[in-house]
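Visitor: Just passing along the structure, written as structure tokens.
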Amino acid sequence: MDHAADAQRTDLMTITRFVLNEQSKYPESRGDFTILLSHIVLGCKFVCSAVNKAGLAKLIGLAGETNVQGEEQKKLDVLSNEVFIKALVSSGRTCILVSEEDEEPTYVEPSRRGRYSVVFDPLDGSSNIDCGVSIGTIFGIYHLNDSHEPNLEDVLQPGKNMVAAGYCLYGSSCTLVLSTGTGVNGFTLDPSLGEFILTHPDLKIPKKGKIYSVNEGNAKNWDGPTAKYVEKCKFPTDGSPPKSLRYVGSMVADVHRTLLYGGIFLYPGDKKSPNGKLRVLYEVFPMAFLIEEAGGQAFTGKIRALDLVPKKIHERSPIFLGSYDDVEEIKALYAAAEE
């Protein structure tokens, strides 16, 4: 037995240890945020385990039927939603939750209330479950400064007011990417320990990338600047090589690749969906927050994404995010079209 190697394994930077280290930098901190994050991490582990079994459960005829206890087997996205709502409420640190799965926000009962509001998409890309494509959970956290009765205004805030954002990608490995406003860090789940280990410290997105990511099936409905930009990716006029196209159709997977390899991810508005498809609060904001923290940019076609003030909890917005220089190019095209 290799004791030296085993001792080495206990010297790992787990996500718990990482967050506690961060907390110690703020002597006035009460640890509420740390507790909230540990409940989100638990939710991610639970969903990761459920995602891995999904195909199997279907194989033996469970999904959509009742099990031996007479409980209805839930579809994965419904299950994930319940897992996160329960994890967040039981943390005792939240007061209002907005989920992609629920039409109305969830208000936490006064006895279990805290000072944070969480917006999340429990299982983004869930239409991809059956074909084994990566899916994920996206979340953003707001802090409420005073202890008033929680209301909608507490979550209808611009993304720049978020105190933290992240996503968990359920793919070939389970990866959690998190920012608390001081850079971006990536953690990978070690299944043998059941712990998220820091594997991607201080992630920085390359200043320019070689990949563009967009659903080209919508091309006939695009506006001028988007069409021009994609044309430029394929047929550059400055002698540079064309960009490669990569599009999974699962936002977490596409943004994760963009963050690691650079490039640009676009979900523009078009004639069919003038506001695009992606929801502001729990898709656009958290991803824009992470990309900016990693040194990239996020733009709506009009303004910086994090400056947007949502009017409704399920509002949508076009989004262009990724490497600084690549987003700068599309901003220039939109500015030229304005003139």
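The values are calculated or read from the model by the stated rules, or taken from the named source; none is laboratory data. All values reported here derive from a predicted model rather than from experimental measurement. Backbone-built Cβ (ideal geometry, glycine too); neighbour counts: all protein chains shown. The accessibility values were calculated without ligands, DNA or RNA, using every heavy atom of the protein model including side chains. Shrake-Rupley method; radii C 1.70, N 1.55, O 1.52, S 1.80 Å.
Visitor: Filter the stretch 286-295 down to the residues that are in contact with a Lys or Arg (Cβ under 9 Å, 6 or more places away or on another chain) and open to solvent by 10 Å² or more (accessible area, probe 1.4 Å), then identify the one that is nearest to residue 139 (Cα to Cα).
Guide: 289
Visitor: Of the residues in the stretch 258-277, how many are under 12 Å from residue 321 (Cα atoms) and open to solvent by 20 Å² or more (accessible area, probe 1.4 Å)?
Guide: Count: 1.
Visitor: Now a separate question. If residue 232 satisfies every condition in (1) more than 26 Å from residue 282 (Cβ to Cβ); (2) outside the structural domain of residue 320 (by the TED database); (3) surrounded by 13 or more Cβ atoms within 10 Å (Cβ to Cβ) but one, which is the exception?
Guide: Among (1) more than 26 Å from residue 282 (Cβ to Cβ); (2) outside the structural domain of residue 320 (by the TED database); (3) surrounded by 13 or more Cβ atoms within 10 Å (Cβ to Cβ), residue 232 violates only (2).
Visitor: Follow-up. Tell me which of these residue 194 doesn't satisfy, since it passes every other one: (1) under 30 Å from residue 17 (Cβ atoms); (2) under 19 Å from the mean Cα position of the chain (by Cα); (3) in contact (Cβ under 8 Å) with a residue 40 or more places away in the chain.
Guide: (2)
Visitor: Pairs please, first residue from the stretch 305-324 and among the charged types (D, E, K, R), second anywhere and surrounded by 19 or more Cβ atoms within 10 Å (Cβ to Cβ), Cβ atoms under 6 Å, 6+ apart in sequence or on different chains.
Guide: Going by the 6 Å Cβ cut-off, the qualifying pairs are 315/280; 316/276; 316/279.
Visitor: From (1) surrounded by fewer than 20 Cβ atoms within 10 Å (Cβ to Cβ); (2) of a type in the set (S, T, N, Q); (3) under 30 Å from residue 339 (Cα atoms); (4) touching a residue at least 12 places away in the same chain (Cβ under 8 Å), pick out the condition that doesn't hold for residue 213.
Guide: Single failed check for residue 213: (1).
Visitor: So, one more: Which count do you get for residues in the stretch 241-257 that are at negative phi and open to solvent by 30 Å² or more (accessible area, probe 1.4 Å)?
Guide: 9
Visitor: Something else: What residue, of 192, 179, 172, is over 28 Å from residue 119 (Cα atoms) and small (Gly, Ala, Ser)?
Guide: 192
Visitor: So which residues in the stretch 124-181 are more than 22 Å from residue 305 (Cβ to Cβ), open to solvent by 40 Å² or more (accessible area, probe 1.4 Å) and of a type in the set (Ser, Thr, Tyr)?
Guide: Of everything in the stretch 124-181, those that are more than 22 Å from residue 305 (Cβ to Cβ), open to solvent by 40 Å² or more (accessible area, probe 1.4 Å) and of a type in the set (Ser, Thr, Tyr) turn out to be 127, 147, 172, 173.
Visitor: When you check residue 92 against the structure, is it surrounded by fewer than 17 Cβ atoms within 10 Å (Cβ to Cβ), farther than 23 Å from residue 288 by Cα, in contact (Cβ under 8 Å) with a residue 60 or more places away in the chain and not assigned by the TED database to the domain that holds residue 305, yes or no?
Guide: no
Visitor: Filter the strands (runs of 3 or more DSSP E) completely within the stretch 43-160 down to those with at least 3 residues that are at pLDDT 95 or above and of a type in the set (Gly, Ala, Ser).
Guide: Passing ranges: none, list empty.
Visitor: Moving to a separate point now. Check off (1) modelled with pLDDT of 95 or more; (2) over 14 Å from residue 319 (Cβ atoms) for residue 191 and give me the number that stays unchecked.
Guide: (1)
Visitor: Here is a further query. Residue check: is residue 121 under 21 Å from residue 315 (Cβ atoms) and without any contact (Cβ under 8 Å) to a residue 40 or more places away in the chain?
Guide: It is false that residue 121 is under 21 Å from residue 315 (Cβ atoms) and without any contact (Cβ under 8 Å) to a residue 40 or more places away in the chain.
Visitor: So which residues in the stretch 311-339 are acidic (Asp, Glu) and out of contact with any strand residue (DSSP E or B) (no Cβ under 6 Å at 6 or more places or on another chain), if there are any at all?
Guide: The answer is 315, 325, 328, 329, 338, 339.
Visitor: Moving to a separate point now. Determine whether residue 107 is in contact (Cβ under 8 Å) with a residue 60 or more places away in the chain and open to solvent by 10 Å² or more (accessible area, probe 1.4 Å).
Guide: No, not satisfied.
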